[in-house]
Amino acid sequence: MSFERFMERGRSMIIAYDHGIEHGPTDFNDRSADPQYIMDIAEGGHFNGIALQKGIAEKYYDGRIPLILKLNGKTEMVKGDPISRQNCSVEYALSLKAKAVGYTIYPGSTYESLMLRTFGRIQEEARKYDLAVVAWIYPRGEAVKDDRTKEVIAYAARIGLELGADAVKIKYTGNPETFSWAVRVAGKAKVFMSGGPKAPTDEAFLKQVEGVLQAGGTGIAVGRNVWQHSEPLKMAKALRSLIIERRGLADVLEQLK
């Protein structure tokens, strides 16, 4: 299974909704707490894929858009260097009609070797079933002093390529000049920007997305900046105009008004 299923005109926009296990319900409101609401946004916003944990996929996924099933996760309750262990198998992802599997690695954590080893096994299993593999790679832990530098973000991107990921989800460095190095060293692995917390303004968020595209990135894998928006489908349309239709930022901001 190549990653092309998630691509459109050479780019891609993924909506992520795997936050509940990572942050609890603090990121949700009355609307976004309902997984069906997110599924409707994913379809209505014409996203190219959706990332879910297995419990949500079991109960709400209906096949309307391609699924990336996350195979690991952790909570914020345990402090110290992070570790995210596998909680779902590749075979079970296949039974849920996933077209790709996702896995988070925290390079810099004292537990990174465990996550690297597990990802290696998952990647090989996914190949047997022709599933694409997406790596969430977030350098984190006591050894990582700044996780948004050009060097650290590029290292994250390269780790994904070296481990055999078809796509990597990484943080944005803050400008296209430095992010372009991450894209370069990721080689043939697709590079997605991780959305993170909701940006202070629509313009600030869309300017980040523009920078990713200018740097040669594939697109975005975001959640809160869409489903926390007062008009999620309007934001989705703006993202589609910017990413897939390749319209300029000024036009997209005008459209969003």
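The values are calculated or read from the model by the stated rules, or taken from the named source; none is laboratory data. If you're wondering where the values come from, they're calculated on a predicted model, not measured in any experiment. Note that we place each Cβ from the backbone using ideal geometry, even for glycine, and neighbour counts take in every protein chain shown.
Of the helices (runs of 4 or more DSSP H) lying entirely inside segment 141-257, those containing at least 2 residues that are touching a residue at least 24 places away in the same chain (Cβ under 8 Å) and closer than 17 Å to G49 by Cβ span 202-214, 224-227, 232-243.
Considering segment 70-88, the residues that are closer than 20 Å to R117 by Cβ and of a type in the set (A, V, I, L, M, F, W, C) include one that is surrounded by the fewest Cβ atoms within 10 Å (Cβ to Cβ), namely I83. Taking the listed residues I14, I41, the one that is of a type in the set (V, I, T), over 21 Å from V168 (Cβ atoms), under 17 Å from the mean Cα position of the chain (by Cα) and buried (at least 17 other Cβ atoms within 10 Å of the Cβ) is I41, with no other qualifying. Considering only residues in segment 132-185 that are more than 25 Å from F6 (Cα to Cα) and aliphatic (A, V, I, L, M), the one that is modelled with the highest pLDDT turns out to be V152.
Scanning segment 63-90 for residues that are within 28 Å of M13 (Cβ to Cβ), out of contact with any strand residue (DSSP E or B) (no Cβ under 8 Å at 6 or more places or on another chain) and charged (D, E, K, R) turns up R64, E76. Checked against (1) surrounded by fewer than 19 Cβ atoms within 10 Å (Cβ to Cβ); (2) modelled with pLDDT of 95 or more; (3) not hydrophobic (A, V, I, L, M, F, W, C), K190 meets all criteria but (1).
Taking the numbered list (1) assigned to a helix (DSSP H, G or I); (2) surrounded by fewer than 17 Cβ atoms within 10 Å (Cβ to Cβ); (3) in contact (Cβ under 8 Å) with a residue 12 or more places away in the chain in turn, R121 passes all entries but (3). When the residues of segment 94-111 are filtered to those that are touching a Gly at 6+ places or on another chain (Cβ under 9 Å) and either under 22 Å from K190 (Cα atoms) or of a type in the set (K, R) (or both), the one that is surrounded by the most Cβ atoms within 10 Å (Cβ to Cβ) is I105. Exposed (fewer than 14 other Cβ atoms within 10 Å of the Cβ) and either aliphatic (A, V, I, L, M) or closer than 19 Å to P35 by Cα (or both), is that true of E254? Against the criterion (exposed (fewer than 14 other Cβ atoms within 10 Å of the Cβ) and either aliphatic (A, V, I, L, M) or closer than 19 Å to P35 by Cα (or both)), E254 does not qualify.
No other residue among A93, A100, A57 is of a type in the set (G, A, S), at pLDDT 95 or above and closer than 27 Å to Y155 by Cβ apart from A100. For segment 17-26, taking the residues that are out of contact with any Pro (no Cβ under 8 Å at 6 or more places or on another chain) and surrounded by 17 or more Cβ atoms within 10 Å (Cβ to Cβ), the one that is nearest to T75 (Cα to Cα) is identified as I21.
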